[in-house]
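The values are calculated or read from the model by the stated rules, or taken from the named source; none is laboratory data. Everything numeric here is computed off the predicted structure, so don't read it as measured data. Reconstructed Cβ throughout: ideal geometry from the backbone, glycine too, with neighbour counts over all protein chains shown.
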Amino acid sequence: MKIAIASDHAALDMKADLVQWLTEQGHEVADLGPYDTASVDYPDYGYKIGEAIASGAAERGIALCGSGIGIAIAANRNPKVRCAQVSEPLSARLCRSHNDANAIAMGARLIGPEMARACVAAFLSTEFEGGRHAGRVDKLSKSPQDA
């Protein structure tokens, strides 16, 4: 699977761990930065995740910052992105099965590397259920007055 991953400076170590782990799992990983510990703005990297998904360069995205909140908000600014902040595997499974999420966000200050890998594994292995959820997901890409 083609996966885009990006972080801010607070999640640099988690990103490096996940890039290595995902590569070992046989995925094609695009590391969108940053590449050193200099302070950066998480919106810039959330936008990069959004662009990678919207363009088709990545099938899924992993967005990381200190809390996972800010970078999720930034990624979701792109209407083709459905990024869910997760902190355990159940949320990662549900965001895929019920919401057809194509990206997840996690907080490096909130969860450790083992939990992050468990979340990513659940996210990548879960399919969208469709059915009763499909109409709701379709509304997420429309403006409220058109939904």
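Does any residue of the stretch 33-45 turn out to be outside any loop (DSSP other than H, G, I, E, B), of a type in the set (G, A, S) and out of contact with any Phe, Trp or Tyr (no Cβ under 7 Å at 6 or more places or on another chain)?
no
Tell me the residue from C95, C119 that is in contact with an Asp or Glu (Cβ under 9 Å, 6 or more places away or on another chain) and not in a loop (DSSP other than H, G, I, E, B), please. Can you show your working first?
Values: C95 fails: in contact with an Asp or Glu (Cβ under 9 Å, 6 or more places away or on another chain).
Going through C95, C119 in turn, the sole match is C119.
Please find, within the stretch 117-147, the residue that is nearest to K80 (Cα to Cα) out of those that are in contact with a helix residue (DSSP H, G or I) (Cβ under 6 Å, 6 or more places away or on another chain) and modelled with pLDDT of 95 or more.
The extreme case among them is F123.
Being crowded, with 18+ Cβ neighbours inside 10 Å and in a loop (DSSP other than H, G, I, E, B) is the filter here; which residues of the stretch 75-86 pass it?
Kept after step one, since they are crowded, with 18+ Cβ neighbours inside 10 Å, are these residues of the stretch 75-86: 75-76, 78, 81-86.
Hits for the stretch 75-86 are N76, N78, V81, R82, V86.
Looking at L110, L22, which is the one that is more than 18 Å from D138 (Cα to Cα) and touching a helix residue (DSSP H, G or I) at 6+ places or on another chain (Cβ under 9 Å)?
L22
So if I check each of I111, I104, which one is in contact (Cβ under 8 Å) with a residue 24 or more places away in the chain, assigned to a strand (DSSP E or B) and either in contact with a strand residue (DSSP E or B) (Cβ under 9 Å, 6 or more places away or on another chain) or more than 21 Å from A54 (Cα to Cα) (or both)?
On the way: I111 fails: assigned to a strand (DSSP E or B).
Step by step, each of I111, I104 is checked, and only I104 is in contact (Cβ under 8 Å) with a residue 24 or more places away in the chain, assigned to a strand (DSSP E or B) and either in contact with a strand residue (DSSP E or B) (Cβ under 9 Å, 6 or more places away or on another chain) or more than 21 Å from A54 (Cα to Cα) (or both).
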